[in-house]
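Peer 1: One structure, as structure tokens, below. Some questions next.
No lab work stands behind these numbers, since they all come straight from the coordinates. None of these values were measured; they are calculated from a predicted model. Here the Cβ is made from the backbone with ideal geometry for all residues, glycine too, and neighbour counts use every protein chain on show.
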Amino acid sequence: MEAAAWVAFENCGAIRRIPHRADQAHTPSTHWSSTTNRMIECESYLESVWMTMLDFDPEVTGFSGQPMQLSGVDDRGAWKATPDLFVRRVDGSATVMEVKNPGRLNDPKVRLTAERVAACCAVAGWGYELVGEPPGRQRTINVLALAGYRREMVGVSDYRAQLLSLAGEPVPLGQLVSFAAEPLVARAVVLHLCWTGELAVDLTRPLEDTSLVRAAVHSDAGARQ
């Protein structure tokens, strides 16, 4: 595990083929990451939600899905596990995440696997998190909505500059887009700017036309809330 600490797992593909069966309860899919600009396989809808939240996190520089398989033998027998996510952050630190249905977080088998994987991660100097739903349901809903506007937009530089200028002080979202010649285009630009953090908005409340938005003090995505 000490040698594994030097591997850039955030750039690796999945170590195994994610199974697809007609009778399975979860929904495998492929997630386009705006952080890494590549497609990443995920085994469930909940995993794809977490990937979106990681894309929104300005502290995350890269992540991958199931890039490694861990195995070992302890006093309880032989074991192997394929963690769901490997996450790299701005400061160089890494975290391995296991995503489980919230109803299974206290399952003895899940907890045992988590204990084993966490011990391996500690040797490599990685963090470890066993997670269910992302914290803050309303924030999650809003981030998933903004993700529809996460791709960089083309031909809207004039709108971008105008909208950021008009949002120097807090202004209702609906009012801000109404100032533009094409409000529908302006709305898409505003929501993209909320995704990038260039416009700050309170994501703990429903995102509506009455939501107050303002230009961030720094355009480094630090205004994401």
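Peer 1: Whole-Hz Karplus ³J(HN,Hα) for the stretch 30-43, in order, using 6.51 cos²θ - 1.76 cosθ + 1.60 and θ = phi - 60°, x for Gly and Pro?
Peer 2: With the stated coefficients, the stretch 30-43 comes to 10, 10, 8, 8, 6, 6, 9, 6, 8, 8, 10, 6, 9, 8 Hz.
Peer 1: Here is a further query. Tell me, what ³J(HN,Hα) does each residue in the stretch 115-126 have, in order and in whole Hz, if you take phi through Karplus 6.51 cos²θ - 1.76 cosθ + 1.60 with θ = phi - 60° and put x for Gly and Pro?
Peer 2: 4, 5, 5, 4, 5, 5, 4, 4, 5, 7, x, 9
Peer 1: I've got another one for you. Thinking of the stretch 3-131 as a set of Cα atoms, what percent of all their pairs are more than 19 Å apart?
Peer 2: When every Cα pair of the stretch 3-131 is considered, 49 percent fall beyond 19 Å.
Peer 1: What angle do you read, to the nearest 10 degrees and between 0 and 90, between the alpha-carbon axis of helix 45-56 and the longest principal axis of the chain?
Peer 2: 50 degrees
Peer 1: State the extension gain, in nm to one decimal, for the chain segment bounded by Ala5 and Glu152, taking 0.36 nm per residue of separation less the distance between their alpha-carbons.
Peer 2: Taking Ala5 through Glu152 to full extension adds about 49.6 nm, to one decimal.
Peer 1: Taking springs between alpha-carbon atoms closer than 10 angstrom, which of Trp195, Trp50, Trp32 fluctuates most in the Gaussian network model of the chain?
Peer 2: The residue with the greatest mean-square fluctuation here is Trp32.
Peer 1: So which residue, out of Ala78, Ala188, Ala122, gets the largest mean-square fluctuation from a GNM of the chain using Cα contacts under 10 Å as springs?
Peer 2: So, out of Ala78, Ala188, Ala122, the one fluctuating most is Ala78.
Peer 1: Using only DSSP helix segments of four residues or longer, with each worth -39500 (n - 2.57), what per-residue ellipticity at 222 nm results for the chain after dividing by its residue count and rounding to 500?
Peer 2: Using -39500 (n - 2.57) per qualifying helix, the result is -9500 deg cm²/dmol.
Peer 1: Assign unit charges at the C-beta atoms only (+1 for Lys and Arg, -1 for Asp and Glu), then state the dipole size of the stretch 71-204 relative to its Cα centre in Debye, rounded to the nearest 20.
Peer 2: 400 debye
Peer 1: If you don't mind, there's one more thing I want to ask. Under 8 Å for C-alpha pairs, at least 6 residues apart: give me the relative contact order for the stretch 3-131, rounded to a whole percent.
Peer 2: 21 percent
Peer 1: Here is a further query. If you line up the long axis of helix 157-166 against the longest principal axis of the chain, both from Cα atoms, how many degrees apart are they, to the nearest 10?
Peer 2: The angle comes out at about 80 degrees.
Peer 1: Short version: ³J(HN,Hα) in whole Hz for each residue of the stretch 60-70, in order, from phi by Karplus 6.51 cos²θ - 1.76 cosθ + 1.60 (θ = phi - 60°), x for Gly and Pro, what are they?
Peer 2: Rounded to whole hertz, the list is 8, 9, x, 7, 9, x, 6, x, 8, 10, 9.
Peer 1: Two decimals is fine: what's Rg over Rh for the chain, C-alpha atoms, Kirkwood radius as Rh?
Peer 2: Rounded to two decimals, Rg over Rh is 1.04.
Peer 1: Based only on Cα atoms, what mean projected area does the convex hull of the stretch 137-215 have, in nm²?
Peer 2: Mean orientational projected area (the stretch 137-215, Cα hull): 4.5 nm².
Peer 1: What does the net charge come to around Glu41 if you take all other residues with beta carbon closer than 10 Å to its beta carbon, with K and R at +1 and D and E at -1?
Peer 2: Charge balance in the 10 Å sphere: 0.
Peer 1: In Å and from the alpha-carbon atoms only, list the Rg and Dmax of the stretch 64-148.
Peer 2: 14.6, 48
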